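The values are calculated or read from the model by the stated rules, or taken from the named source; none is laboratory data. A quick note: this is a predicted structure, and the numbers were derived from the prediction, not measured. Note that we place each Cβ from the backbone using ideal geometry, even for glycine, and neighbour counts take in every protein chain shown. We work out accessible area using only protein heavy atoms, side chains counted, and drop any ligands, DNA or RNA first. Shrake-Rupley method; radii C 1.70, N 1.55, O 1.52, S 1.80 Å.
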Amino acid sequence: MASVKMDPTSYNFLTKEVCKSWPSSGRAEVLKQFNDSYRASKKDISKGYQMRKIMHELLWRYLGEYVSTDDMNQWLGCASQDCPEIQSLCVDVLLVVDAECSLTDNDDHKMRLGKFTTLVSKLGAEKTLQERLDLETGTLEKAGIIPNQKQFQQKYIKTKTRLFYKQQKFNLLREEIEGYSKLATELFENNHPEETLEHVKSLIGCFNIDPNRVLDICLEYLEHSIVSPSAAKKLISCYLRLCDSTTLTHLLGFKFQFYEKTKTPESLYKTAGLLLQSDMVELDDLYPHLSPSDAEIREHHKKTMSAAGELKKRLSVVQLGDKKKEDINIDAMMVQEGNQKFGLARALVVLGNWETAHEIIERYPQFCAVSDPYMAKAITKRCHQIVEPLFRKVAAKRIGNGKPVELQIDEKFLVKEFSDIETKLMPIVNTLGPMLSVDPLLFTKILRITKSFFRTYKNETSEDWRADNRGTIASLLCIIEEVLLPSLTMMDCPVVQSEELWQIFKNMDYELRYRLYGHWKNQSCTLHPKLIVAHAKSVDRTKYVLKRLTKDTVKQSGRQLGKISHANPGALFDTILVQIQRYDNLIGPVVDTLKYLTSVSYDILIYCVIEALANPEKETMKTDGTTISDWLQSLANFCGTVCKKYSIDLIGLIQYVANKLQSGSSLDLLLLKEVVQKMSGIEANVEVTDDQLFALSGGEILKTEGGYFGQIRNVKKPSLRLREVLIEHGLALPLCLLMSTHRAHIVFEEGVGKHLKLVGKLTDQCHDTLYQFGGFLSANLSMEEYMKQMPPIEELIEKYGTPWDVAFFISRQMYNQQIQDQYQIKVTDQKIDDQEVKAEMFIDCADHILLPIAKTVESMHKDNVWLDISSNLYTAFWTMTMYDIETPTESYAKEVKKLKGQIKQLDDNIELNSTKRKREKERLSTLIDKLNAEKQKQDEHQQMIFGRLQRQCENWFPARNTKNDAITTFLRICLFPRCIFSALDAQYCARMVQLIHELRVPNFSTLLCYDRVFTDISYIAASLTENEASRFGRFLCGMLSTIMRWHSDPEYYEKECGDFPGFITVVRTHNKANEPSSRANQLDYENFRHVCHKWQYKLTKALVLCLESGEYVQIRNALMILTKILPYFPMVTTLGAALEKRVEKVRNEEKDKRQDLYALAMGYAGQLKSRKSAMVAENEFHTKDVS
């Protein structure tokens, strides 16, 4: 059979041409290439590949019979002379080719391969071939190296079994005890490890002791010399050169497995840590020997978290049955004494090998490995050393003898500058997390370092410095968020740490603080079982205290709540706010209990209030869709009370209201209204009595004493705090602009699809809060501050689009104060005493300020407006207040009388000692003097105002053919907009009409003005909100009071109206022969009575129309107006009967429908009934014409 030739590879060296010329030149050429490759491989090991390639091609050419056996033998002989490693090389190539040949059935190749194997064995590689060649290929048998393959394989298996699988019967007597005793002596006297190792080797050989047992005893020696382990470590390191390195790992693992069911000694952990630190043992090799398994650790952590959640659930549920469930001890569950992996990590931390310890810790869920207090304390001890240099540099107190921490770690790990925090401190502290609570001292050190940095950051103005320290800022914020705040929760009453924390927070913007609070309150409490339990216990304890809270237990309960707030304020305040939203009678006692809180707690309280307000799951409206929910009102009331009583940063709260306004929601204005009212005593546009209204038209002292329902005395400090927040953050103007703009948009944006009653309430709330806020700014900002915050009126209108009524409301005080300041400066500088000269000077100052405004306002309306009225009238009307045109003499007298009564009561009070009585009497007497001086000052001011008005009133109404247009314009842009702005403005408008009449202003018809106001109010009433209707009713009442006083007595009429130009008209007269049928004349008294009856009738007709409309807004507004004008309307019995009939109908129809209308109708009906005695018959009210 012919031989089969194969070319399994591509031939680069032994081509066919080389093989043909083998005897002549081919052999020498291949040998030269082989030798060159060998020499090159000595310099570059990668060149050895070419040498193997040549050998591989040569062997295949031999198998393919291109090269004879003799030629191959000669070539190997020549190659072995220059390459002593030819044996190993041939064996390597032979292994590969043998495997390649085994994949084919070519017997010729296998036979020639056996011959080549024989040639290699002659080179001295017989033993190597027996070790490395595969027995199953049969090549060894063909080469004659082994006689019989089957017998050799059986012998090989038996030998392997005897060596590796047969259990040895160890005879203790074979080893001599003396050897171990001498070994112990050598180890005890080990001062030179190299020399000791030689002695140990001698002992092993002399006494035939087991080397592995010797290594085990060396481990014991290392474990007992753990304090100074250098000699033992070096001895073991030297010993490992004599044996397999895995032996040490297995011995160490066996030791750990022995302690699997019992407590593992700390010395063994430290021994393993030292070996790992010295790289004598690999962590991945040792880890499988440690218990428990990773899966068991993760499962145990999962069970602990579930148990904490179950405990939290139990604490939040009231248990009614007698049977109690089994208690859950989270602390006991978290103790894992048998966890050898965590014990090893702790030992590594103690030994300073943080990298390896961190590698173990990171294998498990967050904070799982550091939950053990001993592990946490080991990490904190290392942290003490890390932060010591920076702490001593920037945060250590200069007074006192604080003991420095001894530094035992490498200098490269120390934090010496703020920039080192990111890389050296943050990773280890973040690993520790909430378990930093085990070391309050380290907690305080990190706090003070952070405080020092943020103080520097706040004072540093260099942008480059800030940019360079962005990484440090981020690192410290991360430490605060992930470590400090959660650790605070796990501390016991950390009041000192809480105050230290505020020293950091007060240097931050409120947005950053609130982000930290949100993470602490809502996310951190779920990261660790102890945090979950602490949160649940805080909630449970808070509920317990609140259940027992009364006015008598405020102090005791406050202390308990204060202790909770120091560690877990979020849980405390959430629970309190839930209770307050349900029970508003808790607000007073709860606010009193909060006096034991820290600054951080107060700040978090405001954050929790904002979070509760912004809760999307809470319905802000009641189910009827027309009323604001009680919880929102309770929350606003609580917030205002807290902000007044305690020093709290208000910027977050006020900015929240501004943001809500900007987004188109005005419901939260209730919050601003309550805060301003509580902190300043200035109430919103609520219903006030007539006495209060008159007092509000006086000076500041009279306003304080008689103008408000509540006490306004103890608000100096709260007002100052609110004022500072508004000025510092520039929120005064934005809030005013947002409220004024949103007031006009409510109907078209927020009120779309909502009940008209709700739309009206929202509009009233927005307007009333604007009025209240403007009053606060006027009362608490100095004129210089006010002018810095508020732009001129032209800028308000042109730049910001502010409605003119609001623009004048904001600017009015500014211009009046400017007039007063200029006047006082001139009077003081020129030392003028003459009253007439003073009056002239005041008029000059007023003209200097107001005439430019009069020019400015001309652009606010169309040009034809100024054909009807003068811009000077418009400016005078909108810039003056009730203080300018009328002095409330009766209110001053009433308050003085009340104070004198209090002085008399002091004299009769025998309980007061003389000192207190004297001091109080002095205070009251001083107050009386101040009131008298204030009244005199207002009288003088009013006289100067009248002088200026008398001088310029001649041109208020330009002469035209008809007075109707002038009256219409005056009502449209002056009276009606301002009379519904506030109750005081309503009174002002009524008085202003009377004042224009008294000034005998040319071309102004007082009669026509009253007629236009009273003729038909149904359209006006239908377009007003509830509060606007009340104020419009007060305006009508003021107008009616004037005309009814003239109606009551002809002497009053003749004196105040008889020859006044406002009552010139064409009247009805009886035809006489010598007189025309009609002529221009003064309206006489009897005709005035006719007109008064006409107005009473017109009012009745308009209001009856509203009552019969069936529309909610018209009926409500009609009843509101009727209630306000009741003292002067109806005055005629028949008109009263008509109204009574319609009101009775409304009452019957609304009894089971709209309860608020029913209540209004009931109230008015009762008051109307009591007024019947004041009504008169029509013929008594006026004399009817006899035709």
- Item | Carbon plus sulfur fraction of accessible area for the range 176-243, probe 1.4 Å, in percent | 53 percent
- Query: Cα axis of helix 1026-1048 to longest principal axis of the chain: angle in degrees, 0 to 90, nearest 10?
  - Reply: 10 degrees
- Task: Would you calculate the separation in nanometres between label points at GLN556 and HIS192, each defined as 7 Å from the Cα along the Cα-to-beta-carbon direction?
- Result: 8.0 nm
- Query: Can you give the calculated 222 nm mean residue ellipticity of the chain, where each DSSP H run of n ≥ 4 adds -39,500 (n - 2.57) and the sum is split over every residue, rounded to the nearest 500 deg cm²/dmol?
  - Reply: -21000 deg cm²/dmol
- Over the range 946-1040, consider all pairs of different Cα atoms and compute the Kirkwood hydrodynamic radius from their mean reciprocal separation; express it in Å, one decimal. 13.9 Å
- Message: Give me the one-decimal nm value for the distance between modelled label points at GLU359 and GLU406, 7 Å along each residue's Cα-to-Cβ direction.
- Response: 3.0 nm
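Hey, any idea what the orientation-averaged projected area of the convex hull of the chain's Cα atoms comes to, in nm²?
If you wrap the Cα atoms of the chain in a convex hull and average its projections, you get 85.9 nm².
Quote the charge dipole size of the range 176-243 about the Cα centre in Debye, to the nearest 20; the model charges only the Cβ of Lys and Arg (+1) and of Asp and Glu (-1).
Dipole size: approximately 240 debye.
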- Query: Per residue, how many Å² of accessible area does the range 176-243 show with a 1.4 Å probe?
  - Reply: 55 Å²
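Go through TRP804, TRP75 and list them by solvent-accessible area, largest first, probe radius 1.4 Å. Write down the numbers at each step before the final one.
Details: TRP804 80, TRP75 0 Å².
Descending accessible area places them as TRP804, TRP75.
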- If the convex hull is drawn through the Cα atoms of the range 538-652, its volume per residue in Å³: 104 Å³
- Förster radius 25 Å - calculated FRET efficiency between LYS16 and LEU103, Cβ distance, rounded to 0.05: 0.55
- Taking the alpha-carbon centre of each part, the distance from the range 194-253 to the range 527-581 in Å is 61 Å
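Which links in LYS660/LYS1153; LYS537/LYS678; LYS445/LYS716; LYS397/LYS458 stretch past 32 Å when you go from one Cα to the other? Intermediate results must be reported in sequence, preceding the final value.
Values: LYS660/LYS1153 34 Å; LYS537/LYS678 34 Å; LYS445/LYS716 39 Å; LYS397/LYS458 21 Å.
From LYS660/LYS1153; LYS537/LYS678; LYS445/LYS716; LYS397/LYS458, over 32 Å: LYS660/LYS1153; LYS537/LYS678; LYS445/LYS716.
Contour minus end-to-end for GLU1056 and LEU912, with contour as 0.36 nm per residue of separation and end-to-end as the Cα-Cα distance?
My answer for the length gained is 46.5 nm.
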- Query: Of all accessible surface on the range 416-499 at a 1.4 Å probe, what whole percent is carbon and sulfur?
  - Reply: 49 percent
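Test of understanding: what is the full-extension gain from ILE903 to VAL227, defined as 0.36 nm times their sequence separation minus their Cα-Cα distance?
Taking 0.36 nm per residue and subtracting the Cα distance, the gain is 234.8 nm.
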- Item | Folded to 0 to 90 degrees: helix 1085-1107 orientation relative to the chain principal axis, Cα | 30 degrees
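For the range 800-906, report the accessible area per residue in Å² (1.4 Å probe, heavy atoms, rounded to an integer).
On the way: 5170 Å² over 107 residues.
I get 48 Å² per residue for the range 800-906.
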- Just grab the label-to-label distance for GLN130 and GLU337, each label 7 Å out from Cα along the Cβ direction, in nm (one decimal). 5.9 nm
- Query: Just going by the charge dipole of the chain, with Lys and Arg at +1 and Asp and Glu at -1 on Cβ, which of SER634, MET621, PRO404 is farthest out on the positive end?
  - Reply: SER634
- Message: Tell me the angle of helix 569-582 to the major Cα principal axis of the chain, expressed in degrees between 0 and 90 and rounded to the nearest ten.
- Response: 40 degrees
- Message: Can you bin every Cα-Cα distance in the range 143-300 into 10 Å intervals starting at zero and give me the percent of pairs per bin, rounded to whole numbers?
- Response: 9, 30, 28, 18, 11, 4, 0
- Lys/Arg +1, Asp/Glu -1 at C-beta; the chain dipole; positive extreme among GLY253, THR856, SER278: GLY253
- Would you mind getting me the FRET efficiency between SER80 and LYS160? Use the beta-carbon distance for r and R0 = 41 Å, nearest 0.05. 0.80
- Relative contact order for the chain using alpha-carbon pairs under 8 Å, separation at least 6, rounded to a whole percent? 5 percent
- Item | Nearest-0.05 FRET efficiency for GLU798 and ALA959, computed from C-beta distance (R0 51 Å) | 0.95
- Task: Would you work out the charge dipole size for the chain about its Cα centre, treating the Cβ of every Lys and Arg as +1 and the Cβ of every Asp and Glu as -1, and quote it to the nearest 20 debye?
- Result: 2400 debye
- Task: Relative to the compact-globule scaling 2.2 N^0.38 Å, provide the ratio for the alpha-carbon radius of gyration of the range 176-243.
- Result: 0.99
- Message: Output needed: percent of Cα pairs per 5 Å distance bin for the range 1-166, bins running from 0 to the one holding the longest distance.
- Response: 1, 8, 17, 19, 20, 14, 9, 5, 4, 2, 1, 0
- Item | Protein accessible area in the range 792-893, 1.4 Å probe - carbon and sulfur % | 51 percent
- Task: Using only Cα atoms, figure out Rg for the range 757-838 and give it as a multiple of 2.2 N^0.38 Å.
- Result: 1.47
- May I ask which residue of ILE967, LEU995, SER982 lies farthest towards the positive end of the charge dipole of the range 966-1034, with charges of +1 (Lys, Arg) and -1 (Asp, Glu) on Cβ and the Cα centre as origin? LEU995
- Task: Within the range 918-983, list the trypsin sites (Lys or Arg not before Pro) lying in a DSSP loop whose Cβ has at most 12 other Cβ atoms in a 10 Å radius.
- Result: ARG960
- With 10 Å bins from zero, work out the P(r) of the range 372-508 over every alpha carbon pair and list the percent per bin. 12, 44, 36, 8, 0
- Task: May I ask for the distance between the Cα centers of the range 835-859 and the range 729-783, given as a whole number of Å?
- Result: 31 Å
- Message: Placing unit charges on C-beta atoms (Lys and Arg positive, Asp and Glu negative, everything else neutral), compute the dipole magnitude of the range 1136-1180 about its Cα centre in debye, rounded to 20.
- Response: 120 debye
- Message: Give me the 1.4 Å probe accessible area per residue for the range 1-166, excluding ligands and nucleic acids, in Å².
- Response: 59 Å²
